[in-house]
Amino acid sequence: MARALEAALSASCPGDAPLGVAVSGGGDSVALLLALAGRRVHAVTVDHGLRPEATAEARFVAETCARLGLPHETLRWRGWDGQGNLQDAARRARYRLIADWAAGQGIGRVALGHTRDDQAETVLMRLARGAGVDGLSAMAPERDALGVTWLRPFLGLSRADLRAFLTERGQGWIEDPSNEDARFDRVQARRALATLAPLGITAEGLAATAARMGSVRAALEAATLAAAQHVAREDRGDVVLARAGLDALQDEIARRLLVAALCWVASSDYPPRAEALAETLAALDSAPRATLHGCLIAREADGLRIAREPAAVAGTVAQADALWDGRWRLDGPRGPGLEIRALGEAGLGDCPDWRATGLPRASLLASPGIWQGKRLVAAPLAGLSKGWQARLTTTLSQRIISH
């Protein structure tokens, strides 16, 4: 079994660059940690603070790493406000925390312990939601997001394979009691797989379906990327789409391009609902502008401009050296009490040369500015640089091919 794990790691994690590994204490991630021992590995655990056992589980991982001679750090999340989907909020927070930790460590790759069983369960859950190609391609073996390359080297191995490896090595692990809680969709999917096995619907088969759908998705993304090079233009955070070129595209490619533009401008992980997108595009046949997904879509002479909706960022605040609205960084002379906020009406009024920038007024209202209390210090996109520059950390092309 050790050879199978090593072969998977050699294929997925080549080279000797530092590698992060996310370890919860469960069998899958502990097996990944143990298989990676001997490499330049830095382990990280996220304690979400949602279960009393979490602290002990993080301590178990720390002790295991100490025995293996590997550096380890525990990150803590206390951001749950009781609103929305807890599991989704915790997952998002986990990735953000690990990405920030990796950046601070100078680590560009982080390995995750997902298995073939996880892949199959994901496919089943997405089938239940009526997913298309993107959803059924499930988890990718490699994915770039939040400035990190996320690797899943064990997608071709089963959960049983990893536990057999741990048993061979005499290494224990911790079973999360939530893995038996039928309130969670994933637990229901796991049980459904056992029921479906007599019909020939197995984890291996569903994982193979995900791989085939992944190939189809890659082809569609390549076509969308090629279309974007002819139809789309980035303009300081906005996306301008040539209407004639957009209308000439196949429906699926046009839809993908529009969705990617909306998600990139809004820094959103999830696309707008298909019905909402169709209704918005129909409204733009007669209306000069419409809002969707935190974006303002405006008709121009020969196309559509997709910009951030000013109201969507009115309350978005970040420290001057932090990422703002998921994609902007501002570089310039640091000072006490500085923070990044949207320009808004008050800020734009302090930028006498904003018209010379060529950006629409609405786009500038949602653009980032450097503030000190109520005083606008700089607005790089609105002609008031004062030694500051605004730069995007992602591109539309990266959003098209991200998954």
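The table for this structure:
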item: Dipole magnitude of segment 258-403, debye to nearest 20 (Cβ charges: Lys/Arg +1, Asp/Glu -1, about Cα centre); result: 360
item: Electrostatic dipole magnitude of the chain [Cβ: Lys, Arg +1; Asp, Glu -1; Cα centre; debye, to 20]; result: 480
item: Principal-axis tilt of helix 27-36 within the chain, Cα atoms, nearest 10 degrees; result: 90
item: Sum of side-chain charges, residue 320 neighbourhood, beta-carbon under 9 Å (Lys, Arg +1; Asp, Glu -1); result: -1
item: Surface accessible to a 1.4 Å probe, residue 215 within the full protein complex, Å²; result: 80
item: Accessible area of residue 163 in the full protein assembly, 1.4 Å probe (Å², nearest 10); result: 50
item: 121, 204, ranked by accessible area, largest first (probe 1.4 Å); result: 204, 121
item: Trypsin sites (Lys or Arg not before Pro) lying in DSSP loop within segment 308-368, provided at most 13 other Cβ fall within 10 Å; result: 334
item: Projected label distance in nm at residue 244 and residue 361, using a 7 Å step from Cα toward the beta-carbon; result: 3.0
item: Among (i) 23.7; (ii) 51.0; (iii) 22.3, the entry derived from the coordinates for mean projected area of the Cα convex hull in nm²; result: (iii)
item: Label zone at residue 216 (point 7 Å along Cα-to-Cβ), backbone N below 18 Å, segment 242-267; result: 250-257
item: Nearest-10 value in Å² for the accessible area of residue 144, using the 1.4 Å probe; result: 100
item: Tilt relative to the chain, helix 203-231 - C-alpha long axis, 0 to 90 degrees, to 10; result: 20
item: Accessible area of segment 33-79 belonging to carbon and sulfur atoms, whole % at 1.4 Å probe; result: 50
item: Accessible area expressed per residue, the chain, with surrounding protein chains retained (probe 1.4 Å, Å²); result: 48
item: Per-residue HN-Hα couplings for segment 354-364 [Karplus 6.51, -1.76, 1.60; θ = phi - 60°; Hz; x = Gly/Pro]; result: 5, 5, 5, 6, x, 7, x, 4, 4, 5, 5
item: Helical mean residue ellipticity (222 nm; -39500 (n - 2.57) per DSSP H run of 4+; nearest 500) of the chain; result: -13000 deg cm²/dmol
item: Segment 29-111: relative contact order as a whole-number percent, Cα under 8 Å and 6+ apart; result: 28
item: Counted charge near residue 335, where neighbours are those whose Cβ lies closer than 15 Å (Asp, Glu -1; Lys, Arg +1); result: 0
item: Stretchable slack from residue 188 to residue 128, in nm (0.36 nm times residue separation minus alpha-carbon distance); result: 20.5 nm
item: Cα-based helix-to-principal-axis angle, 2-12 vs the chain, degrees rounded to 10; result: 10
item: Counted charge near residue 2, where neighbours are those whose Cβ lies closer than 14 Å (Asp, Glu -1; Lys, Arg +1); result: 0
item: Choice from 331, 353, 235 showing the highest fluctuation, given a GNM over the chain with Cα pairs closer than 10 Å; result: 353
item: Potential extension, residue 4-residue 302 segment - 0.36 nm per residue separation minus Cα distance; result: 101.7 nm
item: Largest to smallest accessible area among 95, 270 [probe 1.4 Å]; result: 270, 95
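The values are calculated or read from the model by the stated rules, or taken from the named source; none is laboratory data. Treat the numbers as computed from the prediction; the structure is a model and nothing was measured. Heads up, the Cβs are rebuilt from the backbone with ideal geometry, glycines too, and the neighbour counts pull from every protein chain shown. In case anyone asks, the SASA skips ligands and DNA or RNA and just uses the protein heavy atoms, side chains included. Shrake-Rupley method; radii C 1.70, N 1.55, O 1.52, S 1.80 Å.
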